[in-house]
Amino acid sequence: MNKIEQTLSIIKPDAVERNLTENIKNMFEKNNLVIKDQKKIHITKDEAADFYKVHQSKPFYNDLCNYLSSGPIVVMILEGENAISENRKLMGATDPKKADKNTIRKTYGISIDKNSVHGSDSIENAEKEIKFFFKD
Ligand code: UDP
Ligand code: MG
């Protein structure tokens, strides 16, 4: 069943630094994901730790928090039919080496940690993550 949803997307520091923001936004728009709100920000390590707290028991957690706070990121609210799963499909697998061709991570990702984009993985997390960056 098709449903209009909103999801949170982040263009991560490796992609912002390589000036890939416009290319990635074009990929969203070509795939019927409309950018409803967006901002370029540079978060602190504490904010990254809060955002990624679901991963706090993982061995990569500390590196992940250092990385997400290492440079500017672009956070966006994407909207469209089945936006959460459509965005995850467009992003591709976490490890760019395993991602399908034409996905964002296959096209631009450098490694499993520098994989260019984040996307919410469920309705609950999309709501939480949108609130995290766009509380009004
Ligand atoms: N990550 C990592 N090493 C790993 C697994 C994940 O550095 O072995 C990083 C990677 O940047 C990933 C993020 O942690 O995007 C969150 O992991 P998750 O499993 O939620 O992947 P995603 O939902 O981003 O595909
Ligand atoms: Mg995830």
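Each eigenvalue of the Cα gyration tensor of segment 51-109, multiplied by 5 and square-rooted, gives one semi-axis; in descending order these are 22, 16, 13 Å. Under 18 Å Cα to Cα from Lys131, which aspartates and glutamates show up? Leave out anything in the same chain fewer than 8 places away. Leaving aside aspartates and glutamates fewer than 8 places away in the same chain, those within reach of Lys131 are Glu5, Asp37, Asp46, Glu47, Asp50, Glu79, Asp121. Distance distribution note for the chain: the fraction of Cα pairs above 18 angstrom is 52%. In segment 1-23, whose amide N lies under 17 Å from the spot 7 Å out along Cα-to-Cβ of Ser122? List them in ranges. In segment 1-23, the label zone of Ser122 (backbone N under 17 Å from the point 7 Å along Cα→Cβ) covers 6-8. Using Cα centres only, tell me the gap between segment 117-136 and segment 1-32 in whole Å. So the two Cα centres are separated by 14 Å.
Within straight-line reach of Lys98, meaning a Cα separation under 20 Å, sit the following lysines at least 8 residues removed in sequence or on another chain: Lys12, Lys89, Lys106, Lys114.
Candidate cross-link partners of Lys135 among the lysines, defined by an alpha-carbon separation under 17 Å and a same-chain spacing of 8 or more, comprise Lys36, Lys39, Lys40. With a simple spin-label model that places each label point 7 Å from the Cα along the Cα-to-Cβ direction, the separation between Lys36 and Phe132 comes to 1.8 nm.
With the simple spin-label model, which puts each label point 7 Å out from Cα in the Cβ direction, the Arg18 to Glu47 separation comes to 2.4 nm.
Read the figures in this text as sums done on the coordinates, not as results from a lab. Every value quoted in this text rests on a predicted model; they were computed, and no experiment measured them. Cβ sites come from the backbone with ideal geometry, for glycine too, and all protein chains shown count toward neighbours.
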